[in-house]
Amino acid sequence: MRDRPHLTLVAVVALGLVVLLVVGLTDRRDEAFTLGVRPGGVAAELRSGDRACQERIDVPEDFSSVELQLGTYRRPGSPLELTVQDATAAGAELGRGSLHAGYPDVSRAQIGVGEIDAGRQIAVCVENRGTRKVAIYGNAGIAAPFSTLRVRRRTVDADLTLVFHRSGERSLVAELPDAFAHAELFKAPWVGAWTFWLLGLGVVALVPLVLVLAVRALRRDLGA
Amino acid sequence: MRKRVPAPLGWLLVAVGLLGLAWAILNPAWQAPDENSHFAYLQSLGERFDLPGDANRPFFSTEQAGAVAAVNSDQVAGVLETKPEWSEAAYRRWRRLEDGLPESARDDGGGPNPAAANPPLYYLYTSVAYRVAGGGDIFDRLLVARVVGLVWLLLVTVGVWLLVGELFGRDRTLQLGGAALAGLLPMITFISASVNPDGMLYAVWTFFLWLGVRALRRGLDLPTAAALTAVAGIGLVVKATSYALLPGLALVLGLGLWRLRDRAPRRLGEIVAVAALPLVATIGVWTVIARGLNRTVSGQLVGTNSTLDVKELASYLWQFYLPKLPFQAGFANAKDLPVYEIFLKQGWGGFGWLEVMYAKGVYAVLALFTAAVAVAAGVALWRTRRTIDFAIGAFFVLVVVALLAGVHWTDYHYVIGGNVNFMQGRYLFPLVGLGALALAKALTLVPAGWRATVVAAGMGLLVVLQLYGLGLVLQRYYA
């Protein structure tokens, strides 16, 4: 009976960790990265034959499809052609995909473009191959300060909302190494991925251990 | 004789500190409520030795504006679809830009921002650490400012330990249970681990409650009177919310002096003088400085429209706590049941800019737990009603009512003005000491032999909630 309180604490934390681990293993997602632009309104309006290119996008993760938010002015959407070019609209083509006509207004569409590797800069170009105009959602040009949107070859003070997806889903647990690598950027210079592994170990193992010591000390104080 | 920190409290503080450190390091820059504004205030004070709010200056310094844009902070704030910048190439570009910035890029901010009306004490305290870390980059200084703020989280934990001990006769089990609730509650850790004066506010209020109870139980003496008014005065120069301490302060001082009138009439004058000094040294000095600088002493107190429609206010209050009745006019865009959506959900955990939430079912369980503790505390109070110290009860009621009146008065004006984004669950955290007392009272219903086990289970659950919250933040921003 003397050990009941701290065994209870350990059991509760262990049970909670198992539940969190199961969630972390079963919650699988395919999102690779985003341009980081919230869909605040129409960033580019494409009439028949028009092309919009979001240039100089850094690719921190491999991806195979691109998601856009589209507006069709309450009519069935026009067919779109999406290409991935090297760095700018004039760069070599790295991938291509298309979206068939008929998608609804204010909807999200995911277009497969083939496997694109991480570590390069790309441009994502969207061309209206139909007869009706299409709106692509995005936000003001400050939203992605190192990337540029060009519509009909002219620079526009806006950025597109772009989400990049992998070909397969991954669990959060499988993503941990990448997540820690992402987390080390824009932190104090001494913070690295190792810091998060260490912190993870600290909060998962050390915090419960320290609280067990608190409970043991409590039992000693009570003279049990 | 040298007093030692009780071992259970010492170990609890280690756990609280570790979790606080994890939040401070993991959470992305400026992804906590108003952290960008609070940091801009801190940088203005730390670099220019001047308060922000100059209409002719920009919101952010060039350095902060560049870093905010590079990490994509504004686009990410409150919007689950967007992520902070992950690209190493973008990071290297920002670093090259940062390295090329002139010294003046740090001190060309100081313009108006939502935090500019706050009194300066928290920022003054944090600016010392900011200056010490001055050689590092902006993320270095942000992290240092977050970490030094964890002192307040530790003090909240200590304050609750003392408060519960004062009312429950130093019952270590109840003290540990109450202090663990305050120190391990994920939302308090998250806010305290960001650049925000609220962490200091919670500590000040917790110590105020402890000192007030101490004065009412043991009688008002010179040190307690001075400490109580010092804490209240400090609160007034941390955040305008602390004006809600004044009715409670008046009650404790008034009652304390009244009780002394026969026993030690000569001491009355001394106590009044000693109690007044800290107020003069804090809010008095700040008032003189603010007037000299042509600033409002506490902008939030005068920032609301003062129109009052009693019927409408009553309807607003009803609809905050209870379901809307058929004949009541609804408030535009009001949440379904604000007491649940705001106080309960955001009180237990709403991270980032409040968009990172636990699963809905978790809040339902936490609501049941909260209600169970409230009912159990009520039952325990009823059973011990003959021993209740009504002066202490009145003190607590005054503090609670004053705080709620202040936040509801402000929220009401925001709501009728068409803005529903003022009220937040964290505005209740200055009262965390009372929440811990309610938990301690509820625990008295548990047979003594089982109390430590129940406290241990509760601490385990709080740790799991902390880990869950940290996991959600990791997933939301980095995965």
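The values are calculated or read from the model by the stated rules, or taken from the named source; none is laboratory data. For clarity, every value in this text was computed on a predicted model and none was experimentally measured. Please note: Cβ atoms are built from the backbone with ideal geometry, for glycine as well, and neighbour counts cover all protein chains shown. For the accessible areas, the whole protein counts, side chains as well, though only heavy atoms, and no ligand, DNA or RNA atoms are used. Shrake-Rupley method; radii C 1.70, N 1.55, O 1.52, S 1.80 Å.
What does the structure give for B:12-19 when I average, per residue, the other chain Cβ atoms found within 10 Å of the residue Cβ?
Taking all residues of B:12-19 together, the mean is 5.
Between B:Val379 and B:Ala264, take the C-beta separation as r, use R0 = 41 Å, and let me know the FRET efficiency to the nearest 0.05.
Details: r = 40 Å, r/R0 = 0.97.
Working from the Cβ atoms, E equals 0.55.
Direction-averaged shadow area of the convex hull around the Cα atoms of the protein assembly as shown, nm²?
Values: hull surface 139.0 nm².
Result: a mean projected hull area of 34.8 nm².
For B:Asp99, what is the net charge nearby, where nearby means another residue's Cβ is under 12 Å from its Cβ and Lys, Arg count +1, Asp, Glu -1? Could the numbers behind the result be given before it?
Details: positive: B:Arg92, B:Arg93, B:Arg95, B:Arg96; negative: B:Glu63, B:Glu98, B:Asp137.
Local net charge: +1.
Between segment B:165-232 and segment A:8-49, what is the separation of their alpha carbon centroids in Å?
38 Å
Are any of the pairs B:Lys324/B:Lys345; B:Lys239/B:Lys324; B:Lys83/B:Lys324; A:Lys187/B:Lys239 more than 31 Å apart by Cα-Cα distance, and if so, which? Intermediate results must be reported in sequence, preceding the final value.
Numbers: B:Lys324/B:Lys345 19 Å; B:Lys239/B:Lys324 33 Å; B:Lys83/B:Lys324 37 Å; A:Lys187/B:Lys239 29 Å.
In this structure, B:Lys239/B:Lys324; B:Lys83/B:Lys324 exceed 31 Å between Cα atoms.
Please report the projected area of segment A:41-129's Cα convex hull averaged over all directions, in nm². Before the final figure, lay out the partial values.
Details: hull surface 21.5 nm².
Approximately 5.4 nm², given one-decimal rounding.
Taking θ as phi - 60°, what are the ³J(HN,Hα) couplings along segment A:98-105 by the Karplus curve (6.51, -1.76, 1.60), each to the nearest whole Hz, with x for Gly and Pro?
So the Karplus estimates, Gly and Pro as x, are 9, 10, 6, 5, x, 6, x, 5 Hz.
Add -39500 (n - 2.57) for each DSSP H run of 4 or more in chain B, then divide by its residues: what number comes out at 222 nm, to the nearest 500 deg cm²/dmol? Present the calculation step by step, with values, prior to reporting the outcome.
Numbers: 21 runs with 307 residues, N = 479.
The helix-only estimate for chain B comes to -21000 deg cm²/dmol at 222 nm.
Let a ≥ b ≥ c be the square roots of the eigenvalues of the Cα gyration tensor of segment B:264-399; is it rounded (a/c under 1.5), or, if not, prolate (a/b larger than b/c) or oblate? If you can, show how the numbers build up before the last one.
Values: a/c = 1.98, a/b = 1.33, b/c = 1.49.
Note, shape of segment B:264-399 comes out oblate.
Using a probe radius of 1.4 Å on heavy atoms only, what accessible surface per residue do you get for segment A:104-154? Whole Å² is fine. Write down the numbers at each step before the final one.
Details: 2510 Å² over 51 residues.
For segment A:104-154, the per-residue accessible area is 49 Å².
Given the C-alpha centroids of segment B:1-79 and segment A:122-136, what is the distance between them in whole angstrom?
42 Å
Show me the three semi-axes of the equivalent ellipsoid for segment B:209-289, from the C-alpha gyration tensor (sqrt of 5 times each eigenvalue), largest first, rounded to whole Å. Provide the component values of the computation, followed by the final result.
Working: eigenvalues 101, 38, 16 Å².
Semi-axis lengths for segment B:209-289 are 23, 14, 9 Å.
Give, as a single signed number, the net charge of other residues whose beta carbon lies under 11 Å from the beta carbon of A:Leu218, with Lys and Arg counted +1 and Asp and Glu -1.
Residues close to A:Leu218 contribute a combined charge of +3.
Positive end of the dipole of segment B:332-479, charges at C-beta (+1 Lys, Arg; -1 Asp, Glu), about the Cα centre: which of B:Gln424, B:Tyr412, B:Phe369 has its Cα farthest in that direction?
B:Phe369
Heavy atoms only, 1.4 Å probe, whole protein assembly: order A:Val126, A:Val19 by accessible area, highest first.
The ordering from most to least exposed comes out as A:Val19, A:Val126.
In terms of the Cα gyration tensor, with a ≥ b ≥ c the square roots of its eigenvalues, is segment B:47-113 rounded because a/c is under 1.5, prolate because a/b exceeds b/c, or oblate? Working shown, then result.
Working: a/c = 3.89, a/b = 1.40, b/c = 2.78.
Taking the square roots of the gyration eigenvalues as a ≥ b ≥ c, segment B:47-113 is oblate.
Take each uninterrupted DSSP H stretch in chain B, measure its Cα extent along the helix axis, and return the ones at 30 Å or beyond whose mean Kyte-Doolittle hydropathy is at least 1.6.
On the way: long enough: B:138-167 (45 Å, 1.91); B:360-383 (35 Å, 1.56); B:390-416 (37 Å, 1.71); B:448-478 (45 Å, 1.07).
Helices passing the filter in chain B: B:138-167, B:390-416.
Can you give the percent of C-alpha pairs in chain A whose distance is more than 28 Å?
Working: 11554 of 24976 pairs.
For chain A, the fraction of Cα-Cα distances above 28 Å is 46 percent.
Suppose every Lys and Arg Cβ carries +1 and every Asp and Glu Cβ carries -1, with no other charges. What dipole size does chain B come out with about its Cα centre, to the nearest 20 debye? Display every interim value, and only then the final one.
Details: 39 positive and 30 negative charges, 413 e Å.
Dipole size: approximately 1980 debye.
Evaluate peptide B:133-146: per residue, the Cβ atoms of other protein chains within 10 Å of its Cβ; return the mean as an integer.
The per-residue average across the peptide is 2.
Which number comes out as Rg/Rh for segment B:373-479 once both Rg and the Kirkwood Rh are worked out on C-alpha atoms? Intermediate values should be presented prior to the final figure.
On the way: Rg = 18.6 Å, Rh = 17.1 Å.
Over the Cα atoms of segment B:373-479, Rg/Rh equals 1.09.
Would you tell me the mean number of C-beta atoms belonging to other protein chains that fall within 10 Å of each C-beta in B:63-70, as a whole number? Mind dumping the intermediate values first?
On the way: counts 0, 0, 1, 1, 1, 2, 5, 4.
Mean partner shielding for this stretch: 2.
Give me Rg/Rg_expected for segment B:109-169, where Rg uses Cα atoms only and Rg_expected = 2.2 N^0.38 Å with N residues.
Numbers: Rg = 16.0 Å, N = 61, 2.2 N^0.38 = 10.5 Å.
Cα-based Rg divided by the globular estimate yields 1.53.
I want to verify the translational diffusion coefficient of segment A:65-104 in µm²/s; compute it with Stokes-Einstein, Rh as the Kirkwood radius over Cα pairs, at 10 °C and 1.306 mPa s.
On the way: Rh = 11.5 Å.
Taking Rh from Cα pairs, D becomes 138 µm²/s.
What number, rounded to the nearest 500 deg cm²/dmol, is the helix-based mean residue ellipticity at 222 nm of chain A, given -39500 (n - 2.57) per DSSP H run of at least four residues and division by all its residues?
Numbers: 4 runs with 60 residues, N = 224.
After summing the helix terms and dividing by residue count, I get -9000 deg cm²/dmol.
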